[in-house]
Each structure stands twice: as structure tokens, then as C-alpha cells.
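The values are calculated or read from the model by the stated rules, or taken from the named source; none is laboratory data. Note that the structure is predicted; figures quoted are calculated from it, not measured. With ideal geometry, Cβ positions are generated from the backbone for all residues, glycine too; neighbour counts draw on all protein chains shown.
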Amino acid sequence: MNTLSLGIMELLGVSLGVGREYFRDFFEGNDSIMRLNYYPPCQKPDLTLGTGPHCDPTSLTILHQDHVGGLQVFVDEKWHSISPDPEAFVVNIGDTFTALSNGIFKSCLHRAVVNNVTVRKSLAFFLCPKLDKVVKPPNTLIDSKNPRVYPDFTWPTLSEFTQKHYRADMKTLDVFTTWLQQKNN
Ligand code: OGA
Ligand code: NI
């Protein structure tokens with residue numbers, strides 16, 4: 001997963017014009033997280049969600065779903081189901097990469113629904129920076145037309161924010177920014 005995520009970081013670096021090495025180097029020695037999600041069947045699936053709407057606060061998510069569907073992404077004001085394919089990964093951007101790209105790559109709003117028939121399992125790898133790495137975009141992505149959108153922070157500060165102060169949703173990064181600015185003033 002480390003090799004795959006660093007390979008994807010090379011592609012993101014090329015697409016942002018900062019070169020192959022920039023984000024690969026940034027995530028060298030990363031402190032990533034793996035999580036197994038288990039969604040039991042629910043008698044009233046319309047009344048609940050497996051995971052409520054959120055953007056992952058981490059940098060990049062590589063998700064494996066089993067053969068049971070459940071993942072949905074919010075695009076063009078609608079929820080779209082992502083067909084499960086046990087032979088494929090779903091890759092999405094997290095809030096920390098949104099900050100690293102100065103807002104160019106948007107983290108993806110998603111949720112998981114449940115069903116009344118089958119257990120569903122998913123396996124998620126969350127790429128996270130090494131704990132002392134300062135999350136700030138490269139200078140080439142900042143100019144007078146594109147000023148800094150988010151303040152400097154380290155991953156443990158955002159992680160703690162989402163565990164102790166705020167349940168991750170679609171506004172995590174904006175609320176975190178305000179919280180951090182108040183804390184530092
Ligand atoms: C997550 C998540 C979705 C899924 O773990 O952050 O969004 O399909 N999981 O299990
Ligand atoms: Ni998620």
C-alpha cells in the first residue's frame with residue numbers, strides 16, 4: 001500500500017507541475033492507517049447509514065470493497081453508488097492533500113449505506129504524513145491570484161481535532177482552519 005500510494009503521489013505531483021519527487025518525498029516514512037470496516041445487515045436500512053457523509057481528513061484513501069455495494073460519492077448534488085469490484089481499489093483525495101495542493105485537489109464527499117440482507121466489509125488504507133511534517137503547499141502553487149487557502153499544520157493536530165473536537169464531515173478542513181487560527185491568536 002505504501003508503494004502504491006507513493007506511486008499515486010508521483011502522478012499527482014506531475015499533474016500539479018511540481019515533478020515526480022515532490023509529494024513522494026513528502027510522504028517518505030509516512031505514518032499511515034489501515035482500517036477494517038464491518039457493516040452488519042440492518043432491518044431498516046433507510047433509517048440509518050453505515051458511515052455518515054464525510055471527507056476523509058487524511059491525505060489519500062485507497063479503499064477495497066467486497067462484493068456487496070454500499071459506498072456512495074456526492075457529485076453534482078447527487079449521491080452516486082460506486083459499484084463494488086473486489087478486483088479494484090477506489091482511490092480518493094483527503095483533506096490533508098486538499099491543503100497540500102492549496103485547494104486544487106478537492107477531497108471527495110462520501111458515505112456508506114447499509115442493506116437488510118448481507119454483511120459488508122471494506123478495507124481502507126489512509127495515507128498520512130510523518131508526524132512532524134508541516135503540511136503546506138509548494139511555493140509554485142501559491143501566488144497573488146492563488147493565495148494560501150489553509151494554514152500550516154501537522155497531521156497529528158488535524159487528527160486530534162477529528163477525534164476529540166469534531167466529527168469529520170464535509171466542512172472539517174474549514175472548521176479546523178478557524179479553530180487553528182483562534183487557538184494561535
Ligand atoms: C471510511 C469510509 C467507506 C466504505 O472508512 O472512511 O468512508 O465503503 N468507508 O466503507
Ligand atoms: Ni471515508
Has region 19-42 got at least one residue that is polar (S, T, N, Q), closer than 30 Å to V117 by Cβ and at pLDDT 95 or above? yes
Picked from region 36-80 (must be free of Cβ contacts under 8 Å to residues at least 60 places away in the same chain and among the charged types (D, E, K, R)), the residue nearest to L127 (Cα to Cα) is D66
Members of region 93-127 that are free of Cβ contacts under 8 Å to residues at least 60 places away in the same chain and more than 27 Å from C42 (Cα to Cα): I93, G94, N102, G103, K106
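Within the group P129, P137, which residue is touching a helix residue (DSSP H, G or I) at 6+ places or on another chain (Cβ under 7 Å) and under 18 Å from S159 (Cα atoms)?
Every option except P129 fails the conditions.
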Do we have S83 as out of contact with any Gly (no Cβ under 6 Å at 6 or more places or on another chain), touching a residue at least 24 places away in the same chain (Cβ under 8 Å) and among the small types (G, A, S) here? no
Take region 1-35 and flag every residue that is within 12 Å of F125 (Cβ to Cβ) and surrounded by fewer than 13 Cβ atoms within 10 Å (Cβ to Cβ). T3, M34, R35
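Output the number of residues of region 84-99 satisfying the condition of being surrounded by fewer than 14 Cβ atoms within 10 Å (Cβ to Cβ) and within 27 Å of T172 (Cα to Cα).
0
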Kindly indicate whether any position in region 31-41 is part of a helix (DSSP H, G or I), of a type outside the set (D, E), over 14 Å from the mean Cα position of the chain (by Cα) and at negative phi. no
